[in-house]
Structures are given as C-alpha cells and as structure tokens.
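The values are calculated or read from the model by the stated rules, or taken from the named source; none is laboratory data. The structure displayed is predicted, hence computed values, not measured ones. Counting neighbours? That spans all protein chains shown, and the Cβs are built from the backbone with ideal geometry, glycine included. All accessible areas refer to the heavy atoms of the entire protein, side chains included, with ligands and DNA or RNA removed. Shrake-Rupley method; radii C 1.70, N 1.55, O 1.52, S 1.80 Å.
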Amino acid sequence: MSAPGREPEQPSTPVPASHELGFDLPAPASVSPARAVGIVIVGLVVVGAAFFFGYLPRRHDRAALAAATESAGRVGLRVDVVTPKIGSSERALSLPGSVQPLEETVIYARASGYVRKWHVDIGDKVTEGQLLAEVETPELDQELEQARAQLAQAQASLVQAKANRQLSIANLQRYKALGPSGVVSQAEVDQRQAQAQVDEATVSVAQATIAAQEANIRRLTQLKSFARVTAPFAGTITQRWVENGALVTAGNGQPLYKVAAMDPARIFIQVPQDVAPSIRPDVSATVTVREYPGRKFDGKVARSAGELDPMTRTMNTEVRAANADGALIAGMYADVSLTLPSPHRVFELPATALMNDAKGQRVAVVDAESKIHLVPVVVERDTGVTIEIASGLTGSEQVARLGSAEFVEGKLVDVIR
C-alpha cells in the first residue's frame with residue numbers, strides 16, 4: 001500500500017533488452033492532464049459547431065415544409081372554373097351516298113312470237129307509251145280467230161235455245177188448257193212443264209257460253225296488244241338485248257330492254273344513330289360529285305327507312321336532287337351535306353375538362369362551398385378543342401377547366417375567380 005499523497009506507481013512496460021534490439025529505446029512520452037483537458041474541450045467545440053450549422057438548419061427546413069404543406073392542405077387546390085355553354089342546335093354533317101334512278105325496270109315480252117323490229121337503242125330518251133319493239137304473234141292470231149268463231153257458234157246456240165224455249169212455253173200453255181177437260185193427262189202436263197224448264201236452262205247455258213267466249217276474246221285481244229312493246233314511263237334506255245327475228249316467249253325468261261328515269265335522281269345515304277331522330281322530309285341537302293368540281297346539286301330528304309340497320313346502326317335515307325341535264329349518272333359516288341337540328345340540348349366545354357378513367361367519363365363540378373363533385377357525363381361529340389355534353393349537366397354548374405387526377409369527391413379547392 002502506497003503512502004498517502006503519493007501517486008500510485010504505474011506498471012512498467014517491459015522493455016526489451018538492448019542486446020535483443022541492438023539499440024537503446026527512448027522512454028515513453030506521457031500526456032499531461034492539462035493537455036488532455038484541452039483536447040476534450042476542442043472536440044466538444046467541433047461537435048457543437050457541426051450540430052449548430054448542420055442539424056438545426058435542416059430541422060428548421062423540415063418544419064417550414066411541414067407548415068407549408070399543412071397550410072396548402074387547409075387552403076386547397078387552385079382551380080379555374082368555367083360555365084357550360086349551350087351548344088348549337090344544328091349539326092352539319094357530310095355523308096357518302098350512291099346515286100340511283102328514280103324509276104328503273106327491265107322490260108320482258110308479254111306475248112310469244114318473233115321480233116319484227118326494234119326501234120330504240122341504249123342511250124335513247126323515250127317517253128311514256130313510246131313504241132320500243134314489235135313482235136309477230138302468229139299463234140296468238142290463230143287463237144284469237146278461233147275464239148271469235150267459238151263466239152259465233154255460242155251465239156247461234158243461244159238463238160236455237162231461245163227458239164226451243166218459246167216452243168216449250170207454248171206447248172205447256174196448251175197442255176194446261178186441255179188438262180181440265182181430260183184430253184191430256186196430268187203426267188203429260190208435268191212433262192211439258194219440265195221440258196220448258198230444261199229449255200230455259202239451255203238458254204242460260206248458251207248465254208254463259210257467249211260471256212265466256214267474249215271474255216276469252218278480250219283476253220286474247222289484250223295479249224295481242226302486247227305485241228307492241230312500249231315504254232312504261234319516260235326515261236333512258238340503259239340496256240338492249242332484243243334483236244330482229246329473235247324468238248321471244250311470254251314471261252321473265254328473256255329481257256328485251258332496261259329503262260331508267262334519272263330526273264330527279266335518288267341518292268341513298270346511311271345516317272348514323274345519333275342524328276337519325278332529326279331526319280325529316282324536305283330537309284335541305286347539297287349533293288356534290290368529284291366529276292363536277294365546284295358544282296352543287298340542290299336536293300331534299302324525300303323519305304327514310306324509319307329503322308336502324310342492326311349491323312351498322314345507321315338508317316337508310318333517300319335524298320332527291322334535280323337532274324334535268326342528266327349530269328348525275330346511276331351508280332355514281334356522291335357526297336351529301338346536311339344540316340340537322342339536334343334532337344336534344346347539348347352543352348359545350350373545353351376538352352381539357354373531361355376526365356376518363358375506370359369509372360367512365362366525368363367532369364369536376366365545384367359547388368357553392370368550393371367542394372369538388374365528380375359528375376358522370378355522356379359526350380355526344382368531340383371536336384378536339386371542345387366537347388359537347390349530351391347529358392349529365394344542367395348548364396348552371398361551375399366546371400373545372402382542367403381535369404386532374406388529384407380531384408376526389410368532396411375535396412376543398414380554391415376557386416380562381
């Protein structure tokens with residue numbers, strides 16, 4: 001135990017013998033207590049400086065950011081709003097169409113025979129009732145002569161039947177007069193009465209035969225009139241198959257001519273479903289074809305099918321256009337421009353207001369309390385810059401001009417006035 005007031009002795013470090021190293025080692029350096037305290041103080045100063053210049057500014061910045069975020073949350077998003085405008089009640093559209101004749105038919109022979117002569121060819125303009133071709137009908141002529149002879153025979157039979165009826169009536173009257181005196185029997189009277197009835201029926205049969213023969217003659221005469229093939233309506237001959245001397249038979253086996261009337265011309269268009277309810281007769285239309293640049297044919301809607309094609313969801317519609325000079329040719333491709341009234345009121349908004357996601361097409365409406373409400377809408381037409389809303393809005397709403405994914409139902413926003 002060491003004496004009081006004396007520092008304890010430090011254990012000595014073994015020092016290698018000088019003969020092991022070959023030289024003498026210096027004595028170990030010792031740090032004084034004052035120097036050690038100075039080193040500790042300098043270290044504390046360095047750590048304090050690092051804390052003051054590094055951690056505190058960052059903490060201040062984080063607190064400021066949190067305060068700004070909290071303030072922004074309280075104030076809400078800044079939103080520019082717009083009021084929907086009532087869109088135009090008319091819609092202009094251009095549809096492709098096909099030019100067709102007003103009337104078109106294929107003419108067949110109604111009477112069998114040989115073609116004596118044809119009078120018109122393709123491209124010829126014909127009027128209603130104009131002679132197109134003549135057909136020789138020798139067999140029909142013979143049938144007509146036979147029918148006339150049978151009519152004369154029936155008329156002679158009628159004269160004979162009437163004479164027999166008169167004789168029967170006279171004999172019946174004589175027998176009835178002699179019956180009460182007993183000269184003739186009642187059986188003979190009954191026989192004469194039956195004969196008179198038979199002769200009366202014979203007259204009726206002869207009259208019916210005459211009527212049948214007259215009807216047959218009218219039929220053959222009318223059929224004979226079809227030997228003159230005439231135009232059923234005014235138009236243009238578009239096809240001719242008949243030749244002189246050709247054998248033709250009654251029926252639709254061999255056509256003779258094809259006639260088409262092209263004034264006015266009919267143009268058929270397919271109107272889409274969204275404007276089909278607006279189609280009405282006499283709606284004005286403008287028809288153009290690329291073969292006549294700059295020329296417009298004025299037309300009107302004549303009629304519509306009244307139903308949609310289940311495959312294309314379009315309605316077949318007929319437009320008629322004046323074609324006095326025949327410029328429009330059957331089969332032409334045409335463009336038809338129409339201006340149709342909208343069947344309902346539409347509202348116009350900037351295209352940027354529309355939000356389209358998994359929940360459908362919606363717009364953000366800001367209410368009087370500056371809260372967002374997401375309203376589903378139906379877009380009727382997208383013009384690129386604007387959209388036309390068919391349903392979902394009343395027109396008095398304040399709609400966010402620019403849709404955003406940050407909009408949620410009930411979110412508080414700052415409206416830009």
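Calculate, in nm to one decimal, what residue 327 and residue 401 gain on full extension: separation in residues at 0.36 nm each, minus their alpha carbon distance. Please report the intermediate quantities before stating the final value.
On the way: separation 74, 0.36 × 74 = 26.64 nm, distance 5.11 nm.
Full extension from residue 327 to residue 401 adds 21.5 nm.
With all protein chains kept in place, the per residue accessible area of segment 331-417 amounts to 53 square angstrom at a probe of 1.4 angstrom.
Please enumerate, by chain and number, the lysines with C-alpha under 19 Å from the C-alpha of residue 224, excluding those fewer than 8 residues away in the same chain. Candidates past the 8-residue exclusion: 117. Once the Cβ-Cβ distance of residue 412 and residue 82 is raised to the sixth power relative to R0 = 22 Å, the FRET efficiency obtained is 0.70.
Centroid-to-centroid, using Cα positions, segment 123-140 and segment 141-205 are 49 Å apart.
Estimate the FRET efficiency between residue 39 and residue 62 by the formula 1/(1 + (r/R0)^6), using the beta-carbon distance for r and 41 Å for R0, to the nearest 0.05.
On the way: r = 34 Å, r/R0 = 0.83.
Computed FRET efficiency for residue 39 and residue 62: 0.75.
Counting only lysines at least 8 places from residue 371 when in the same chain, those with an alpha carbon closer than 23 Å to its own are 85, 359, 411.
For segment 219-286, what's the relative contact order in percent, using C-alpha pairs closer than 8 Å and at least 6 residues apart? Mind showing how you got there, number by number?
Values: 32 pairs, mean separation 20.4, N = 68.
Relative contact order for segment 219-286 comes out at 30 percent.
Taking 29 Å as the straight-line reach from the Cα of residue 162, the lysines in range (excluding those fewer than 8 positions away in the same chain) are 176. Length available on full extension from residue 356 to residue 94: 0.36 nm per residue minus the Cα-Cα distance, which gives 91.5 nm.
A 1.4 Å probe run over the protein chains yields, for segment 98-194, 63 Å² of accessible area per residue, whole-number rounding. Modelled spin-label separation between residue 136 and residue 254, with each label point placed 7 Å from Cα along the Cα-to-Cβ direction: 1.4 nm. Per residue, the convex hull spanned by the Cα atoms of segment 319-390 amounts to 154 cubic angstrom. For segment 277-343, which whole percent of the accessible surface, found with a 1.4 angstrom probe, sits on carbon and sulfur atoms? The value for segment 277-343 is 50 percent carbon and sulfur by accessible area.
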